[in-house]
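First the structure, in the form of structure tokens, and then the observations on it.
The values are calculated or read from the model by the stated rules, or taken from the named source; none is laboratory data. For clarity, every value in this text was computed on a predicted model and none was experimentally measured. Note: ideal-geometry Cβ built from the backbone for every residue, glycine included; neighbour counts use all protein chains shown. Each accessible area value is taken on the protein alone, full model and side chains, heavy atoms only, with ligands, DNA and RNA left out. Shrake-Rupley method; radii C 1.70, N 1.55, O 1.52, S 1.80 Å.
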Amino acid sequence: MPTMSQLRGLPLERAELFGKPSIGARYTHGASYERTGERCCICHRPATNCHHVAPRRLGERFSLVTPDRTWLLRSPLFALCGSGTTGCHNGFHGGSALTARWMWDDPQYERWWWDGILLEQWGPHAEELYGFGFWRIEDKKHDRLIEIREGN
Ligand SMILES: [Zn+2]
Ligand SMILES: [Zn+2]
């Protein structure tokens, strides 16, 4: 578990989003990013754009302070169909039918994350994190849980 000061005022499930792997998208340079996946990670229709999983109002970066250094972590990106007002992308916004949470397979891995051990090993957004956890998407509209354990 993170310490209170590590959370920087965010609820755990929000702070936990930053630095996790993207799905079908990646950062290129600076704040630029590109879609790499052809399919929407929720419904598998053609993907048209990218969603910032950590809402931008939480800030562009999250400073994760670990014993050895401070990591400036960004939001993961999901390749989705639709737009901010249509399709699965809307599900994460106005519709709020879809919510993403990062889940650890073991409490030990969660400790490794907050201690910076996983970041030291692989850096932010690393695909290797799927060896320790996964994305759980709650789809309230269809009353189902979607688990995603790979980036493309
Ligand atoms: Zn979709
Ligand atoms: Zn979005």
Considering only residues of region 92-103 that are open to solvent by 40 Å² or more (accessible area, probe 1.4 Å) and free of Cβ contacts under 8 Å to residues at least 60 places away in the same chain, which is farthest from ligand 1 (Cβ to nearest atom)? M103
How many residues of region 92-111 are in a helix (DSSP H, G or I) and more than 13 Å from ligand 2 (Cβ to nearest atom)? The answer is 5
Evaluation of L72 against (1) in a strand (DSSP E or B); (2) touching a residue at least 12 places away in the same chain (Cβ under 8 Å) (one fails), failing number: (2)
Does at least one position in region 85-108 carry a residue that is over 24 Å from P46 (Cβ atoms), aromatic (F, W, Y) and at pLDDT 95 or above? yes
Name the pairs: first residue in region 106-130 and over 18 Å from Q6 (Cα atoms) and open to solvent by 80 Å² or more (accessible area, probe 1.4 Å), second residue modelled with pLDDT under 95 and not polar (S, T, N, Q), Cβ to Cβ under 8 Å, at least 6 apart or on different chains? E127/E150; E127/G151
Kindly indicate which of R111, R74 is touching a Lys or Arg at 6+ places or on another chain (Cβ under 7 Å) and modelled with pLDDT of 95 or more. R74
One residue from H51, H44 being at positive phi and within 16 Å of ligand 1 (Cβ to nearest atom): H44
Filter region 41-55 for residues that are within 15 Å of ligand 2 (Cβ to nearest atom) and either open to solvent by 70 Å² or more (accessible area, probe 1.4 Å) or assigned to a helix (DSSP H, G or I) (or both) and give the result. T48
Positions within region 56-91 being under 13 Å from the mean Cα position of the chain (by Cα), within 9 Å of ligand 2 (Cβ to nearest atom) and open to solvent by 30 Å² or more (accessible area, probe 1.4 Å), in sequence order: R56
Within region 10-40, of all residues that are open to solvent by 20 Å² or more (accessible area, probe 1.4 Å) and more than 18 Å from R74 (Cα to Cα), the one farthest from ligand 1 (Cβ to nearest atom) is E38
